[in-house]
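Heads up, the thing below is written out as structure tokens.
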Amino acid sequence: MQRLILLCVLFGVWAGGPAWARIEERMIRAGQDVSVPVTVQGSGRRGTIVWIPTELGIARNERVAAARLAAMGYRVWLPDFYTAHFLPPLPSSMAQVPDNDLRAIFAVAQDGSTPLYLVASGSGAARTLASAPPNTRGAVLFFPDLLTGSPAAGDDPVYLPVAAQVRLPLAILQGDRSPWYWQIDTLKSHLEQGGAQVRVEILHGMRDRFFYREDALPAERELGAKLAALVDEAIRHLPKPNKVEK
């Protein structure tokens, strides 16, 4: 009985539970025959976060981080695109998610009452930036992949068109054990030339996908458990947007 009461407190399944604890499962219509299941939780007092899951689907650390961010006062949307399209948890599946799915989620989430922030990682970063609503307050990107492909040895990286089109404040969190760590200044410069405002934070000792790797090192598991704190700090220290000239 005590265990049941504890579970009720944690998940807010009774009407009087705290706002951050109550979890709402929603279905967002993204097409004629497609509805995307979304977990929504939190009051939104500090803003709304739409978290685009990893290329392997929703990671356990992402679910934990969403709950903790909700407890901090954010309203967090965590969509499950792969379930909506019956896709396997594979990197190649990300390319099969229609852009309209992301736009549909963003359109419903941005109710205008709170600032809208986006969170994404890896190859999902490009998809997220390309579909971001114009009133987005900023985006937090973990080890973003904005390249057209892996460049040959000695060749300069070639970035996707969206990298030159972003006008948002961005926080990039990049591990220094990533093969792209040495390109981070080039990426920052490329984004800024396109009009983005960029803040880079180096995660020492981290590899790409550190918070959902099966072979995660102890330090990676430790930092992966602090994902919510990383996102909260990144949001609080987002660059100020450029003033729009009249």
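A short reminder: the numbers here are calculations on the coordinates, not readings from a lab. Keep in mind it's a predicted model, so treat the numbers as computed, not measured. Note that each Cβ is placed from the backbone with ideal geometry, even for glycine, and that neighbours are counted across all protein chains shown.
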Legend entry - Under the Debye formula (equal points on every Cα, no solvent term), log10 I(q)/I(0) of region 153-246 at q = 0.16, 0.20, 0.21, 0.25 Å⁻¹: -0.77, -1.06, -1.11, -1.28
Legend entry - Degrees separating the helix 227-236 axis from the principal Cα axis of the chain, which is the longest one: 70 degrees
Inset, instruction - Evaluate the distance, in nm, between pseudo-label points positioned 7 Å from the Cα of Ser35 and of His204 along their respective Cα→Cβ axes. - result: 5.0 nm
Inset, instruction - Subtracting the Cα-Cα distance from 0.36 nm times the residue separation, let me have the gained length for Arg45 to Arg63 in nm, one decimal. - result: 4.5 nm
Legend entry - Cα centre as origin, Lys/Arg/Asp/Glu Cβ charges: region 37-109 dipole, Debye: 440 debye
Legend entry - 0 to 90° range, to nearest 10: angle between helix 60-72 axis and the chain longest Cα axis: 70 degrees
Inset, instruction - Give me the angle, in degrees from 0 to 90, between the Cα long axis of helix 2-11 and the longest principal axis of the Cα atoms of the chain, rounded to the nearest 10. - result: 50 degrees
Legend entry - GNM result for the chain, Cα springs below 10 Å: residue of Gln96, Gln165, Gln197 fluctuating most strongly: Gln96
Inset, instruction - Taking the Cα centre of the chain as origin, work out the dipole magnitude from +1 charges on Lys and Arg Cβ and -1 charges on Asp and Glu Cβ, in debye rounded to 20. - result: 940 debye
